[in-house]
Amino acid sequence: MVHRVILFSETKAEDAVGTKAKNIALLFRARFPVPQGFIITADAFKPAIRGERDPDPFVFPEPLRLEIEEAFKQYVTPPVVVRSSCSAEDLESASFAGQYESILNVTSDDLLKSIKRCWLSVYKDHAQTYMTQRLNAADEAPAMSVIVQELIDADAAGVVFSRNPITGNEDEIMINSNFGLGETVVTGLATPDFYVLSKRGNTVLRKELGEKMCKAVLDRKGTRIVETTLQEQSGYSLQDEQLHELRGMTLAIETFLGHPVDLEFAYRQGKLYILQARRITA
């Protein structure tokens with residue numbers, strides 16, 4: 001039997017879910033601090049898309065719609081984030097980071113529409129161009145699975161690399177962070193705080209205060225960008241104890257997955273969450 005909706009806790013290596021979903025489900029099952037969620041597998045993509053590239057006439061197959069709505073009611077607490085996990089994403093030679101859709105602050109009212117946006121983003125010009133340049137891919141779009149995951153309304157968030165991507169130094173961990181959701185860090189909208197940590201000891205090698213002129217927060221629908229306060233601009237978004245916790249978590253995940261990693265993280269009321277994990281690419 002082909003399962004089209006799979007919980008993080010039940011995902012197997014052979015499931016058609018893409019590398020991004022596979023990694024986050026693997027970490028969830030290993031009890032890393034990953035928010036709960038489920039995956040709509042790539043097996044549902046082609047029957048549902050039916051070659052349509054215009055979102056308006058799209059109709060979900062009824063059995064699939066019921067599966068998704070049941071999983072949403074039973075296994076996640078809204079709001080959620082809906083993001084792509086394409087078969088061509090997060091490869092060793094190409095990450096596809098930012099090429100496909102991620103929709104934040106999704107409720108039951110816009111869940112199906114958001115999943116549809118993720119599926120259809122595989123046809124976007126910039127994603128197709130990137131795929132052709134990086135993979136010499138054919139015209140046919142790769143299959144797209146979709147992650148539905150509980151959203152962390154972050155006090156601070158960012159990205160961490162288990163080796164320094166600027167210098168290539170494998171003994172250093174690099175972190176970028178800002179107040180609010182991680183959107184401004186990932187998109188480069190704000191200049192984040194910058195940290196370099198030693199892998200060999202609990203040492204902060206370098207800290208640079210970012211301008212952090214804005215941050216992303218939840219809105220009634222989706223997110224909005226607001227100005228940071230003068231206090232936020234003049235202070236670091238992460239405390240030293242959080243940096244040390246991130247260091248330990250990053251090393252544990254790198255060891256568990258068996259390769260250098262690029263993680264997205266969030267802190268909410270002092271608790272650390274891991275939102276995404278991918279291999280550091282060339």
Subset of region 229-265 (residues that are assigned to a loop (DSSP other than H, G, I, E, B) and out of contact with any helix residue (DSSP H, G or I) (no Cβ under 8 Å at 6 or more places or on another chain)): T229, G235, Y236, S237, Q239, G258, H259
Residue match in region 183-195 (condition: aliphatic (A, V, I, L, M), at pLDDT 95 or above, in a helix (DSSP H, G or I) and surrounded by fewer than 17 Cβ atoms within 10 Å (Cβ to Cβ)): no
Qualifying residue in region 221-228 (condition: modelled with pLDDT under 95 and either part of a loop (DSSP other than H, G, I, E, B) or closer than 15 Å to Y267 by Cα (or both)): yes
Given (1) among the hydrophobic types (A, V, I, L, M, F, W, C); (2) modelled with pLDDT under 95; (3) not in a helix (DSSP H, G or I), index of the condition F45 fails: (3)
Residue that is within 30 Å of F38 (Cα to Cα), out of contact with any helix residue (DSSP H, G or I) (no Cβ under 8 Å at 6 or more places or on another chain) and either surrounded by fewer than 22 Cβ atoms within 10 Å (Cβ to Cβ) or in the same structural domain as Y75 (by TED's automatic domain parsing) (or both), where the choices are D171, D155: D155
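The values are calculated or read from the model by the stated rules, or taken from the named source; none is laboratory data. All values reported here derive from a predicted model rather than from experimental measurement. Here the Cβ is made from the backbone with ideal geometry for all residues, glycine too, and neighbour counts use every protein chain on show.
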